[in-house]
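Engineer: Quick one: structure below, then a few questions.
Laboratory data are not the source of any read-out in this text; all were calculated from the coordinates shown. Computed from a prediction, not measured in an experiment: that's the story for all the values here. Note that each Cβ is placed from the backbone with ideal geometry, even for glycine, and that neighbours are counted across all protein chains shown.
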Amino acid sequence: MKIAYISPNEGEQEIVTNLLPDHEIVFYDGMIDTEVPENCRDAEVISLFVNSKLTAEMIDTMPNLKVIALRSMGFDHVDVAHAYAKGIKIGYVPRYGAQTVAEHAFALILSLSRKVPLMYDLLQREGNIDISAHEGFDLCGKTIGVLGTGNIGRRTCEIAKGFRMEVKAFDLYPNQELAAELGFEYLSLDEVLGQADIISIHVPATAENHHMFNAETLAKVKPGAYIINTARGTLIDTVALLQALKSGHIAGAGLDVFEGEEYLKDEMKLLDAEAMADLHTFKAFVAEHELLDMPNVIMTPHMAFNTKEAKLEIIETTVQNIKDAITGEPTFAIPQPQ
């Protein structure tokens, strides 16, 4: 079969070629969001990461397409309903890098609690620093609110316990056996927001939880709390977060994901008539530039997954999905829309 493999990481081509020796593989180095490259349109399989999109119109330009193999846990960048309506199989990677992403969440937490980036910057620029003006705080004894206790959320709870933190969690489907095993408590969302010194988000992006954190939600957060997001950018209303940070109600934020990530990479897309960016997108874009300049905010470029171990796990699961989909169904198939 012909496989179009979009945006491979360094070293990924060799691994994929070795794992799929009997297939024709076309590697495309860039991202795609409006059209499928000409040499990929006759492919029977297309594999892409979250930095690319696959719209209904793009799917329709691939007449031979039988399998979409996503190298991610999220699938909101693909028109799943349209693909399934055309009989196309879709595989994804529901479990990867749980430890990797949870560790990155704590990298952001520790960077904020001990002001690591700020102090490094001051040390480079000024040399001798009055550290008394930059006091940090211990994680031990603090309460962390973990939103979503799937694979990543579970690891986050385990790491938090290692720091001797008090763990409170919220999940639409509480796992009481896990809570008993790790020694944490499930509460309502409002209760977690009101009690947590640090909130770490680990829920998927859905239409229902778009802007899960908005002005109203942020007002319920404990004053002086920190918010960590390694999940999806659309879960937080960036403009509302900026206002909460400026007022001091929220003490700081660690963001690996944010609204309109694609526009930070290519600002001219905001002016693209076909993109049809709405007013909030423009406001969020401006707010994100302000966040980048705030000393109590740390932003990383959607890199929580970016370790050798996690990427190998993604590749191996994706290849298995492709192999299984050729003869049957992907090992991990996205649930069909109801």
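Engineer: Can you tell me which lysines have their Cα less than 24 Å from the Cα of residue 168? Leave out same-chain residues fewer than eight positions away.
Structural biologist: Hits, sequence-local ones excluded: 142, 220, 222.
Engineer: Just to be sure I understand: with springs between alpha-carbon atoms less than 10 Å apart, which residue in 70, 218, 19 has the highest mean-square fluctuation in the Gaussian network model of the chain?
Structural biologist: Evaluated over the chain, the most mobile residue of the options is 19.
Engineer: If the reach is capped at under 25 angstrom between alpha carbons, list the lysines near residue 53, excluding any in the same chain fewer than eight residues apart.
Structural biologist: Partners found: 2, 66, 86, 89, 265, 269, 283, 308, 311, 323.
Engineer: Let me ask something else. Name the residues whose placed amide hydrogens come within less than 5 Å of the amide hydrogen of residue 199, ignoring near sequence neighbours (fewer than 5 apart) on the same chain.
Structural biologist: 145, 226, 227, 228
Engineer: Further, regarding this structure: When the distances between all Cα atoms of the chain are binned every 10 Å from zero, what whole-number percent does each bin get?
Structural biologist: Percent of pairs per bin, in order: 5, 24, 30, 25, 13, 3, 0.
Engineer: Compute the longest continuous run of the chain that contains no exposed GluC sites (Glu not before Pro); treat a site as exposed when its DSSP state is not H, G, I, E or B and it has at most 10 other Cβ atoms within 10 Å.
Structural biologist: 11-134
Engineer: Let me understand the stretch 98-299 better: what is its radius of gyration from the alpha carbons, and its Dmax, in angstrom?
Structural biologist: Reported Rg and Dmax, both Å: 17.4, 53.
Engineer: Specify the residue with the greatest mean-square fluctuation among 86, 66, 168, computed from a Gaussian network of the chain linking alpha-carbon atoms under 10 Å apart.
Structural biologist: 86
Engineer: Could you identify which residue out of 131, 236, 314 has the top mean-square fluctuation in a GNM of the chain using Cα springs shorter than 10 Å?
Structural biologist: In the Gaussian network model the winner is 131.
Engineer: Which ordering of 134, 302 is given by a fewest-first count of other beta-carbon atoms within 10 Å?
Structural biologist: The order, fewest Cβ neighbours first, is 134, 302.
Engineer: Under a Cβ-Cβ cut-off of 9 Å, what is the net charge of the residues other than residue 64 that fall near it, where Lys and Arg count +1 and Asp and Glu count -1?
Structural biologist: +1
Engineer: Relative to the longest principal axis of the C-alpha atoms of the chain, give the angle of the C-alpha long axis of helix 151-162, reported between 0 and 90° and rounded to the nearest 10°.
Structural biologist: 30
Engineer: Taking the Cα centre of the chain as the origin, how large is its charge dipole in debye, to the nearest 20, when only Lys and Arg (+1) and Asp and Glu (-1) carry charge on their Cβ atoms?
Structural biologist: Approximately 760 debye in magnitude.
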